[in-house]
Amino acid sequence: MAIFGAGSSWEGREMKDDFFNDGNYAIGWDYQSAKDLYDAVSLLKAGDIVYLKSNQSGSRTIRVKGIGVVTQTLIHCLIENGQNKETITDESRFYVKIKWIVKDEFRINIPDTDGKLTNVRAATFYEEYLTYVQTEIIGKLFQIKP
């Protein structure tokens with residue numbers, strides 16, 4: 001199990017409610033512009049945790065918009081939708097299924113003593129390695145009080 005931060009704003013349009021309603025997550029970039037992101041999302045496994053976030057480069061505050069658990073991988077979603085390399089024409093078909101558990105927004109303020117290099121959190125999609133942030137996400141997901 002791993003934890004991933006994921007953007008949910010597509011050209012200024014907030015997509016979190018669509019993700020919550022559809023029980024999924026999609027990148028929002030076309031494949032030609034974001035091949036590396038598609039590779040990253042294709043590695044998500046059932047049981048991985050995804051949190052929707054907003055963060056500006058260099059900011060020590062993460063606005064978390066939701067937390068969920070992957071229930072079905074990208075490749076399984078494609079196959080179940082009858083997609084293959086000849087028929088895929090719409091990037092909205094590239095998604096993973098997610099059970100969204102936390103839908104309330106909250107903020108994580110990273111202490112000055114942790115994670116000096118926070119530029120990764122402004123990215124569209126990344127694996128979260130900072131223990132402080134992981135602990136906060138897991139605490140909210142499983143309702144663990146500090």
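Among the residues of region 95-114, the ones that are farther than 17 Å from residue 138 by Cα, surrounded by 12 or more Cβ atoms within 10 Å (Cβ to Cβ) and touching a residue at least 40 places away in the same chain (Cβ under 8 Å) come to 3 in all. Each residue in region 47-71 was checked for being in a loop (DSSP other than H, G, I, E, B) and either of a type in the set (D, E, K, R) or surrounded by 15 or more Cβ atoms within 10 Å (Cβ to Cβ) (or both), and 4 pass.
Of all residues assigned to region 14-26, none qualifies as being farther than 25 Å from residue 142 by Cβ, of a type in the set (Asp, Glu), at pLDDT below 90 and outside any helix (DSSP H, G or I).
Here is a list: 34, 26, 46. Which entry is free of Cβ contacts under 8 Å to residues at least 40 places away in the same chain, touching a Ser or Thr at 6+ places or on another chain (Cβ under 8 Å) and not aromatic (Phe, Trp, Tyr)? Explain how you work it out, then say what you get.
Values: 34 fails: free of Cβ contacts under 8 Å to residues at least 40 places away in the same chain; 26 fails: free of Cβ contacts under 8 Å to residues at least 40 places away in the same chain.
Every option except 46 fails the conditions.
Yes/no matrix, rows are residues, columns are (1) of a type in the set (A, V, I, L, M); (2) under 15 Å from residue 24 (Cβ atoms); (3) at pLDDT 70 or above:
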{"position": "45", "(1), (2), (3)": "no, no, yes"}
{"position": "48", "(1), (2), (3)": "no, yes, yes"}
{"position": "60", "(1), (2), (3)": "no, no, yes"}
{"position": "64", "(1), (2), (3)": "yes, no, yes"}
{"position": "73", "(1), (2), (3)": "no, yes, yes"}
{"position": "82", "(1), (2), (3)": "no, no, no"}
{"position": "85", "(1), (2), (3)": "no, no, no"}
{"position": "88", "(1), (2), (3)": "yes, no, no"}
{"position": "91", "(1), (2), (3)": "no, yes, no"}
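The values are calculated or read from the model by the stated rules, or taken from the named source; none is laboratory data. Quantities reported herein were computed from a predicted structural model and do not represent experimental measurements. Glycine gets a Cβ as well: all are built from the backbone with ideal geometry, and neighbour counts include every protein chain shown.
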